[in-house]
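Right, one structure below, let's go through it.
Bear in mind that the values in this text are calculations on the coordinates, not laboratory data. What you see is a predicted model; the values in this text were computed from it and never measured. Please note: Cβ atoms are built from the backbone with ideal geometry, for glycine as well, and neighbour counts cover all protein chains shown.
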Amino acid sequence: MKTMKAAVFVEPGRIVLGEKPVPTVGAEEVLLKVNTTTICGTDVHILKGEYPVEPGLIVGHEPVGIIDQIGPGVAGYRVGQRVIVGAITPCGQCNFCLDGHQAQCGGKPMGGWRFGNTIDGCQAEYVLVPHAIANLAPVPDELTDEEVLMCPDIMSTGFSGAENGQIKIGDVVAIFAQGPIGLCATAGAKLKGATLIIAVDGIEERLKMSKRLGADAVVNYKETEPVKAILDLTNGRGVDVAIEALGTQGTFESCLRVLRPGGVLSSLGVYSGKLSLPADAFAAGLGDHKIVTTLCPGGKERMRRLMNVVASGRVDLKPLVTHRFTLDQIEEAYYLFANQRDGVLKVAITP
Ligand SMILES: [Zn+2]
Ligand SMILES: [Zn+2]
């Protein structure tokens, strides 16, 4: 049996470089030779045991690769083609997909998230892509692997915070947390036509990046109380859309406290435990507020659009890749990324 190297979840606290069999291709599947991939904040939740997955699972859900083998029933692709696949791999055919909720494919919450969750992921030499026709998105020749590396998850998720927040031209938007996803939400708010974008974080390098990607004002919560700062910046009016990109009670609540009546709280964070709504910040439930949540949109059409954005030059996410490792160095990469050492934003991993 042919084997390959892969990042394998063993137990909480341990993701190790292991050997796994190269997968056998079945119907509707494609085997991808992984060119470049990355580590996501969600993988760190898995590493820490905060999001449970089966021991022995290969982690990772952001592949750029080359088609190596094509299974029965997959038309329209050729061996050797360079493609990306979204972190979310919908079937494209179930009622939930056809209703526009690809991330909830099959009707289970987060059902479309398969890579590195319910099936082996892509921090490996090879990855098996399910529902290949719905998910393989060819990469235009002029774009490099690193240029499209943010499309499968970070860019798709961050932009969706702006899109589902239904930002209108001329809106005032606040984004709480400027990790990679929050930064992409900032870039998305700019693309959607917001004219005052306020980014909140506690790390100066990240706030610098926020400005580069479209923030008009930044608030370092370690120096200034962000709710007051945002209300001051908006003359007490509050924001039209508040985007939550961390997943804590504090940031969720701050979003509500800066939201004008009738505004939208667009939530991207992954919460654990209990989330509570303080009645005063929620206008006792009578403020016409909307709260929307989104899991990363996937599927090949989403990926095609995101690569169009990259190709257009309207957003430059290349500076988000701050560090590079080979797959052999994956444990070192996890250590750096999980502990946010050395100003890391995203790492590129090459098998
Ligand atoms: Zn992710
Ligand atoms: Zn489906």
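Extending 7 Å from the Cα toward the beta-carbon at both ARG14 and LYS108 defines two label points whose distance is 2.6 nm. Seen from LYS222, the other residues with C-beta closer than 11 Å to its C-beta sum to a net charge of -4, counting Lys and Arg as +1 and Asp and Glu as -1.
Amide H contacts of GLN69: LEU31, each under 5 Å away and 5 or more positions distant or on a separate chain (H built 1.01 Å from N in the peptide plane; Pro and chain starts excluded). If R0 is taken as 41 Å, the Cβ-Cβ distance between GLN329 and LEU286 corresponds to a FRET efficiency of 0.15. For region 169-211, a simple Cβ point-charge model (Lys and Arg +1, Asp and Glu -1, everything else neutral) yields a dipole of about 120 debye relative to the Cα centre. Checking the a/c ratio against 1.5 first, then a/b against b/c, what shape does the Cα gyration tensor give for region 1-160? In terms of gyration-tensor shape, rounded.
When a/c reaches 1.5 or more, the comparison of a/b and b/c decides; with that in mind, is region 192-259 rounded, prolate or oblate per its Cα gyration tensor?
Note, shape of region 192-259 comes out rounded.
Here's the picture: a label point sits 7 Å out from the Cα of THR350 along the beta-carbon direction, and within region 11-54 the residues with their amide nitrogen under 18 Å of it are 33-39. Computed over the alpha-carbon pairs of region 123-210, the distance histogram in 10 Å steps reads 16, 37, 29, 16, 2 percent, short to long. A simple spin-label model places the labels of TYR271 and LYS2 4.6 nm from each other, with each point 7 Å out along Cα-to-Cβ. Amide hydrogen proximity for GLY86: with H placed 1.01 Å from N in the peptide plane, the residues at 5 or more positions away or on another chain lying under 5 Å are GLY299. Using a simple spin-label model with pseudo-atoms 7 Å out from Cα toward Cβ, ARG314 and ASN95 lie 3.6 nm apart. Put simply, the amide H of THR293, placed in the peptide plane, has neighbours under 5 Å in SER267, leaving out anything fewer than 5 places away on its chain.
Looking at region 39-128, the trypsin sites (Lys or Arg not before Pro) that sit in a DSSP loop and have at most 15 other Cβ atoms within 10 Å of their own Cβ are LYS48, ARG78.
For a distance above 23 Å, tell me the whole-number percent of Cα pairs in region 227-336 that qualify. Present the calculation step by step, with values, prior to reporting the outcome.
Working: 3098 of 5995 pairs.
Value for region 227-336: 52 percent of Cα pairs lie more than 23 Å apart.
Taking every eigenvalue of the Cα gyration tensor of the chain, multiplying by 5 and rooting it, what semi-axes result, largest first, whole Å? Please list the in-between numbers first.
Working: eigenvalues 239, 86, 74 Å².
Here the semi-axes work out to 35, 21, 19 Å.
Using every pair of distinct Cα positions in region 282-351, the Kirkwood expression returns a hydrodynamic radius of 15.7 angstrom. Full extension of the segment from ALA75 to LEU143, taken as 0.36 nm per residue of separation minus the current Cα-Cα distance, would add 22.1 nm.
Of the trypsin sites (Lys or Arg not before Pro) in region 282-351, the ones in a loop by DSSP (not H, G, I, E or B) with at most 13 other beta carbons within 10 Å are ARG314. Extension gain for GLU204-ALA279 works out to 23.7 nm (0.36 nm per residue, less the C-alpha to C-alpha distance).
Charges were assigned to the Cβ only: +1 to each Lys and Arg, -1 to each Asp and Glu. The resulting dipole of the chain about its Cα centre is roughly 480 debye.
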